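Data block below; observations after.
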Amino acid sequence: MTPVKLDLSPLRRAAAWHWAEYAFWLLPLVAYFVFPKNLALLSQIAITALFCLSLDLILGYAGIVSLGHAAFFGLGAYAAGLMAKYGWGDPLLGLAGAALAAAAAGFLTSFLVLRGADLTRLMVTLGVSMMLYEAANKLTDFTGGVDGLQGVDIQPVLGMFSFDLYGKTAYWYSVAVLFLMFWVARRLVHSPFGLSLRGIRQNVGRMPAIGAPVNARLVAAYTIGAAYAGVAGALLTQTTQFVSLDVMAFSRSAELLLILVLGGTGSLYGALIGTMVFMAAHHFLSDINPQYWQFWLGAALVLIVLFARDGIMGLLRKLSAPARTPS
Amino acid sequence: MTPVLQTRNLSKRFGGFFASKDVSLSIEPGARHALIGPNGAGKTTLINLLTGFLEPSAGEVFLKGEDVTRLAQHQRVKRGLVRTFQINRLFAEMTVLESVTLSVCERLGLGWNWWRPVGDHTAAIDEAAELLATLRLLDVAHTQTRSLAYGRQRMIEIALALAAKPQVLLLDEPAAGVPTDESRELFETIAQLPREVTIVLIEHDMDLVFRFAERISVLVGGALLTEDLPEVIARDRRVREVYLGEALDG
């Protein structure tokens, strides 16, 4: 086609699946057989991983810092809960409803996020999530307030797999949704749209000068991130058949940011691995020392930010770099 | 011939200070036009006003006869008005090929395509590769931008602009900070651009300006002092007084 002789394979390879990725996605299967008694925890990990993935889309790719991402998680959780309570208990319908509700909120609030730089964005996202939290707290007739939303009745997945006491259905359902959403996100970040988001993160001042409508792209990215968070929230509702007020709590947003930094931003896998490490550490450390486990978490965070800016994924990349065959 | 780029009484005020003052400029299609003037004369401000990077306090900008004064930067780029920056604005963590492909994708309107991988958009990649070949950047196509020498980064600054297929290209000191031999090469590349591309150049190196420009505008204190052929500018007493003196005598 072109007279230019250039090996394009490095560019193409970026979007192709690496063997380590296939290996990674065997982990949910392995975990199922190795930890059959911990399926509830494993489901939580899958759900938090999806939530963290949603933050990576907006922070790791579009470069929007958020301290209020739980707002969308919570909206999705309540949307799915309310739908199920009032007779729309089909899980997939619930996911769709949650995604729409969260996306709508994400779209509307994205225009606030466009204004200003990082500090402004932190405060705006924090402020929006605080308002939603208090609204959910106040609207007790609707949300149950601090008592939580009761009477969430979820139908079997695809009309076939009902949610069992052991949490098997909940686990496979969460993992399947996580994988599908991850797969779509992976397509997205390797597309021209994803490339433009990376461009915005790396040099927002250049993007308009090559003809890219920066604000429109940011609105789209933020809306998609919100929809993803909403789906994660809906999964939590559906697998626990309950919505507690803390789905929107500030601590959830802050913890999520911590997990993503721990895992490393802008690679999708950083979000997944960060969640696994964080939740496992949480589980084991709080067993050993229920009061002070956060001490070690804090120490790990400080060390990562000082010495391994790109988180666990950055470390993994450094370790694997010498082993990689030169192209 | 309608001018491809025109301004009418363009002004920019920062408080009481005029960074641009009543600039009325008219640039013919295919021109090789230089903007010169001492430091602080408002050259970069003028480029910022032309491209929509800054909003003017007064006056209008016309591109191919269309009033674009109220258009956003990216909309002017879509209409063919593209710039480079005096201080590099590059995508440090992308490879050279990725950066240029990004720019090509935006021009081809693929920026909203969120499903097919960049690598499958063959037309865009081929075009980016061809541009890299023209600019002699092929050997670093897969190198991360941040790890390149400054002179080559300066070339990528231009590559990103050319990938947008400009009809009017505004070059803001393209050779700033580049060693002499490399800046020669850079200017050869610019000189080889086809005549369909109108070029407006800001440059401090008078050698380069007089070798390249076919028309020169002199800015002083934000205002247009004079505009003429290079040989007339070189003889102009006022120009020599405010600015050129030694550069021409030496």
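The values are calculated or read from the model by the stated rules, or taken from the named source; none is laboratory data. In this text, all values refer to a predicted model and were calculated from it rather than measured experimentally. In this analysis, Cβ positions are derived from the backbone assuming ideal geometry, glycine residues included, and neighbour counts consider all displayed protein chains.
Listing for the model above:
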{"quantity": "Those residues of the range B:129-152 which are in contact with a strand residue (DSSP E or B) (Cβ under 9 Å, 6 or more places away or on another chain) and facing chain A (nearest Cβ under 7 Å), in sequence order", "calculated": "B:Ala141, B:His142"}
{"quantity": "Lone unmet requirement of (1) within 14 Å of chain B (Cβ to nearest Cβ); (2) free of Cβ contacts under 8 Å to residues at least 40 places away in the same chain for A:Asp246", "calculated": "(1)"}
{"quantity": "Helices (runs of 4 or more DSSP H) fully within the range B:92-163 counting 3 or more residues that are at pLDDT 95 or above and β-branched (Val, Ile, Thr)", "calculated": "B:96-107"}
{"quantity": "Pair list, Cβ under 7 Å, 6 or more apart: the range B:105-128 residue more than 7 Å from every other protein chain (Cβ to nearest Cβ) and touching a residue at least 12 places away in the same chain (Cβ under 8 Å), other residue aliphatic (A, V, I, L, M) and surrounded by fewer than 19 Cβ atoms within 10 Å (Cβ to Cβ)", "calculated": "B:Ala124/B:Leu108"}
{"quantity": "Meets criteria (within 30 Å of A:Lys37 (Cβ to Cβ), in contact with a strand residue (DSSP E or B) (Cβ under 7 Å, 6 or more places away or on another chain) and crowded, with 19+ Cβ neighbours inside 10 Å) for A:Thr143", "calculated": "no"}
{"quantity": "Top-ranked residue in the range A:260-286 [being outside any helix (DSSP H, G or I) and at negative phi; ranked as surrounded by the fewest Cβ atoms within 10 Å (Cβ to Cβ)]", "calculated": "A:Ser267"}
{"quantity": "Criterion: of a type outside the set (Phe, Trp, Tyr) and part of a loop (DSSP other than H, G, I, E, B) - qualifying residue of A:Ala212, A:Ala254", "calculated": "A:Ala212"}
{"quantity": "Filter pass, A:Phe182 being over 19 Å from the mean Cα position of the chain (by Cα), in contact (Cβ under 8 Å) with a residue 60 or more places away in the chain, part of a helix (DSSP H, G or I) and under 30 Å from B:Asn113 (Cβ atoms)", "calculated": "no"}
{"quantity": "Filter result (farther than 28 Å from A:Leu257 by Cβ, within 14 Å of chain B (Cβ to nearest Cβ) and either of a type in the set (Asp, Glu) or not in a helix (DSSP H, G or I) (or both)) within the range A:4-50", "calculated": "A:Val4, A:Lys5, A:Leu6, A:Asp7, A:Leu8, A:Ala16, A:Trp17"}
{"quantity": "Pairs where the first residue, in the range B:216-234, is part of a loop (DSSP other than H, G, I, E, B) and the second is charged (D, E, K, R), C-beta under 9 Å, 6+ apart", "calculated": "B:Gly221/B:Lys21; B:Gly222/B:Lys12; B:Gly222/B:Lys21; B:Gly222/B:Asp22; B:Leu229/B:Glu214; B:Leu229/B:Arg215"}
{"quantity": "Cβ pairs under 6 Å, 6+ apart, first in the range A:7-22 and closer than 13 Å to B:Thr143 by Cα, second in a loop (DSSP other than H, G, I, E, B)", "calculated": "A:Pro10/A:Ser327; A:Pro10/B:His142"}
{"quantity": "Total residues in the range B:77-87, condition more than 9 Å from chain A (Cβ to nearest Cβ) and either modelled with pLDDT of 95 or more or under 20 Å from B:Val197 (Cβ atoms) (or both)", "calculated": "4"}
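Residue-wise test of (1) crowded, with 23+ Cβ neighbours inside 10 Å; (2) more than 9 Å from chain B (Cβ to nearest Cβ).
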residue	(1), (2)
A:Gln155	no, yes
A:Tyr166	no, yes
A:Met181	no, yes
A:His190	no, no
A:Gly199	yes, no
